[in-house]
Amino acid sequence: MNEKTTRGRARGGRRRIPLTVKWLAPLAVLGLLALWIPTTDAWVAVRAQMRAASWEKEEPRGPDNITPRMEAVRDAVKKEFGIKGDLGCYREDGGIAGGGEHPLGRACDVMLVDAGGKATGEDLELGRRIVEWVRENADEYGIWYVIHEQRIWSSRWPLKGNAPMEDRGSNTLNHYDHVHISVY
């Protein structure tokens, strides 16, 4: 046998399996299965990015000027936690440099205490329960990220966990008085 391949043998004497059309379907199935089987951190990250890319872009609509996806999340949070008042969703300026997701109709704030205050006791526990619920339901509702207590969790980077954020200078900007929820 020569150095390259002859008669189905590859270098080193191993049998070479020809890649034919009949192998494409099983390989595709294995590739897809690998996306759902949590084997490594890399696969978790790849799956997260693929889920993020699967959400179609939505435009704001209706009198609330939010996307249908954000409307579904807003309504589900209100129902789940018995919140009677409105959540702060659409804002023209967004409240931060660059505007953020509020002007795009893809974000809502769940106020826990008066603006500028700092949630404690039952209000703080409510905020933490909302964050946990959002994280648990991220795939179902198309949650992109949630911010509370100067920490951010993103469905795009689930392995980073609830990561600390830089100090933005106030209880409101650091999300101590509310939970911020953004969707794709």
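The values are calculated or read from the model by the stated rules, or taken from the named source; none is laboratory data. For clarity, every value in this text was computed on a predicted model and none was experimentally measured. When we count neighbours, we look across all protein chains shown, and the Cβ atoms used for this are built from the backbone with ideal geometry, even at glycine.
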Search the stretch 154-178 for residues being crowded, with 21+ Cβ neighbours inside 10 Å and farther than 15 Å from residue 100 by Cα, and hand back the single one that is modelled with the lowest pLDDT. 155
Return the residues of the stretch 38-73 that are closer than 22 Å to residue 131 by Cβ and without any contact (Cβ under 8 Å) to a residue 60 or more places away in the chain; say none if nothing qualifies. 47, 66, 71
Inside the stretch 104-140, can you point out the residues that are over 13 Å from residue 179 (Cα atoms) and surrounded by 20 or more Cβ atoms within 10 Å (Cβ to Cβ)? 104, 105, 106, 138
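Within the stretch 86-101, work out how many residues are outside any loop (DSSP other than H, G, I, E, B) and out of contact with any strand residue (DSSP E or B) (no Cβ under 8 Å at 6 or more places or on another chain).
Qualifying residue count, the stretch 86-101: 0.
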